[in-house]
Amino acid sequence: MDEDTELWLQALAGRAAVDDRRPPVLEAQALRDTLLRMPQPEATLEPSEDQAREAALLELARRQGLLADRIEGRGWRARLGILATWPGLGVLTALACSALVIAILLRPSRAPEAVRGAPEALVVLTAANPVQLKQDLLAELRASGVRASGYERLGREGIDADLPQPVPDRVRAVLSRHHIEIPRDGVLRIEIAPAGPP
């Protein structure tokens with residue numbers, strides 16, 4: 001909403017400053033003054049005449065058979081008719097329970113969790129300096145065109161890489177140099193543990 005419209009609405013509501021002389025404010029104040037000076041119509045309701053007319057129409061409908069006697073009652077049971085009886089309520093309850101059971105059975109199960117790679121596809125290497133070996137392997141893999149990323153988990157350095165299919169010779173050479181077998185699915189997962197004392 002632009003500023004002029006906001007000023008106009010504020011002035012029309014009587015919330016503008018009296019000494020504000022901007023055109024939207026003056027226009028809205030003039031309209032407000034005119035509306036306030038207009039005579040208010042008085043409500044002329046004749047409830048007794050309306051009630052008498054309603055009663056006469058209901059009586060006419062009842063005499064001609066257009067209005068059933070059971071609807072005449074003012075209670076909810078009278079308005080709902082057969083549904084308000086015990087058998088009717090039993091049927092409604094059974095339908096509601098059936099709908100609930102169907103909704104539970106048709107609800108989609110939780111989506112299976114996607115796990116990258118299988119645990120047996122993990123290659124574990126040992127090195128005196130795992131961080132250096134990880135950096136060297138990452139540099140060699142990236143230089144040969146492989147998208148690889150490094151990580152550290154539970155004190156082990158790791159590499160996760162997607163090998164191109166088919167595996168190029170330059171990538172085979174890098175893996176062969178580090179005595180790593182080529183994974184069948186093209187997902188290379190390496191973890192490097194620190195070499196401990198024998």
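A single member of Gly196, Gly150 is within 20 Å of Ala127 (Cβ to Cβ) and in contact with a helix residue (DSSP H, G or I) (Cβ under 8 Å, 6 or more places away or on another chain), and it is Gly150. Just one of the listed residues (Val115, Val101, Val131) is β-branched (Val, Ile, Thr) and modelled with pLDDT under 85, and it is Val115. Checking Gly145, Gly186, Gly158 one by one, the residue that is in contact with a Phe, Trp or Tyr (Cβ under 6 Å, 6 or more places away or on another chain) and either modelled with pLDDT of 85 or more or among the small types (Gly, Ala, Ser) (or both) is Gly158 and no other.
Looking across segment 138-172, the residues that are among the aliphatic types (A, V, I, L, M) and over 12 Å from Arg189 (Cβ atoms) come down to Leu138, Ala139, Leu141, Ala143, Val146, Leu154, Val167, Val171.
The values are calculated or read from the model by the stated rules, or taken from the named source; none is laboratory data. Treat the numbers as computed from the prediction; the structure is a model and nothing was measured. No Cβ is skipped: glycine too gets one built from the backbone with ideal geometry, and neighbour counts run over all protein chains shown.
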